[in-house]
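The values are calculated or read from the model by the stated rules, or taken from the named source; none is laboratory data. No experiment lies behind these values; they were computed from the predicted model shown. Positions of Cβ are generated from backbone atoms using ideal geometry, with glycine treated the same way; all protein chains shown enter the neighbour counts.
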Amino acid sequence: MMTNTNSVTPLHAPRKLKVATVSLAGCFGCHMSFLDIDERLLQLLELIEFDRSPLTDIKTVGRCDIGLIEGGLCNTENVHVLREFRANCKTLVAVGACAINGGLPAQRNSLDIGNILTSVYGSRVGMSSDSAIPNDPELPLILNQVHPIHEVVHVDYYLPGCPPSADAFWVFLNDLMAGRTPQLGHDLMHYD
């Protein structure tokens with residue numbers, strides 16, 4: 001009986017999980033905090049493969065196991081990106097205050113969007129007399145209110161914080177990858 005000595009891949013090698021990330025209306029602070037896991041990122045790359053993410057510069061999302069999404073919904077493009085992202089993610093995680101409750105961008109919710117646009121683009125001191133509210137078909141339509149993502153799609157998990165700390169990301173992702181429900185202690189909650 002002959003055996004193949006050239007094969008080094010086990011028959012049941014564990015598959016790397018595909019992880020994708022996206023940012024909607026927010027400050028990108030959650031992504032920066034995620035990157036703050038520093039050298040642990042190399043350990044993480046032993047277990048995962050990034051799809052759409054600033055780390056890969058891939059602009060479209062393929063099918064993935066875990067989708068991390070930061071930011072709320074301020075415009076129609078945000079809604080489109082969110083729905084497409086949800087459709088491709090087996091597990092969707094709302095990351096940070098903006099994704100979970102609208103965060104800082106939602107402070108405009110008590111204001112009239114028409115008055116804001118007129119004030120910013122038409123009547124501020126120093127504006128030229130021919131300035132106008134931008135009206136280009138390439139610009140996404142602004143929503144009347146900023147919405148958290150769970151108002152539009154199903155969210156599987158929430159990773160709170162503003163932003164969540166690097167340690168919170170680390171614990172959360174390790175729990176998820178191990179098949180456990182993520183458990184973050186009080187010491188991992190972070191709001192700046």
Selection within the range 115-143 - modelled with pLDDT of 90 or more, surrounded by 11 or more Cβ atoms within 10 Å (Cβ to Cβ) and of a type outside the set (A, V, I, L, M, F, W, C): Pro140
Single unsatisfied condition, Ala168 versus (1) surrounded by 14 or more Cβ atoms within 10 Å (Cβ to Cβ); (2) of a type outside the set (Val, Ile, Thr); (3) more than 30 Å from Arg15 (Cα to Cα): (3)
Residues of the range 171-192 that turn out to be within 16 Å of Val19 (Cα to Cα), loosely packed, with under 15 Cβ neighbours inside 10 Å and touching a strand residue (DSSP E or B) at 6+ places or on another chain (Cβ under 6 Å), as a count: 0
In the range 112-153, the residues that are assigned to a loop (DSSP other than H, G, I, E, B), within 30 Å of Ala94 (Cα to Cα) and touching a Leu at 6+ places or on another chain (Cβ under 7 Å): Val152, Val153
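Does Ser165 meet the test of being more than 20 Å from Thr21 (Cβ to Cβ) and hydroxyl-bearing (Ser, Thr, Tyr)? Don't jump to the end; show me each part of the working.
Working: more than 20 Å from Thr21 (Cβ to Cβ): no; hydroxyl-bearing (Ser, Thr, Tyr): yes.
So Ser165 fails the test.
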Test result for Val146, modelled with pLDDT of 95 or more and of a type outside the set (S, T, N, Q): yes
Lone unmet requirement of (1) within 21 Å of Arg40 (Cα to Cα); (2) aromatic (Phe, Trp, Tyr); (3) over 19 Å from the mean Cα position of the chain (by Cα) for Tyr121: (1)
Pairs where the first residue, in the range 163-192, is assigned to a helix (DSSP H, G or I) and the second is among the hydrophobic types (A, V, I, L, M, F, W, C) and surrounded by fewer than 16 Cβ atoms within 10 Å (Cβ to Cβ), C-beta under 6 Å, 6+ apart: Met177/Leu47
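Those residues that are among the aliphatic types (A, V, I, L, M) and farther than 15 Å from Phe169 by Cβ, I need them from the range 67-96; list them, please.
So in the range 67-96, the residues among the aliphatic types (A, V, I, L, M) come out as 68-69, 73, 79, 81-82, 87, 92-95.
Those that are among the aliphatic types (A, V, I, L, M) and farther than 15 Å from Phe169 by Cβ: Leu73, Val79, Val81, Leu82, Ala87, Leu92.
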Number of the exception - Val155 against (1) within 28 Å of Lys16 (Cα to Cα); (2) at pLDDT below 95; (3) surrounded by 11 or more Cβ atoms within 10 Å (Cβ to Cβ); (4) not acidic (Asp, Glu): (2)
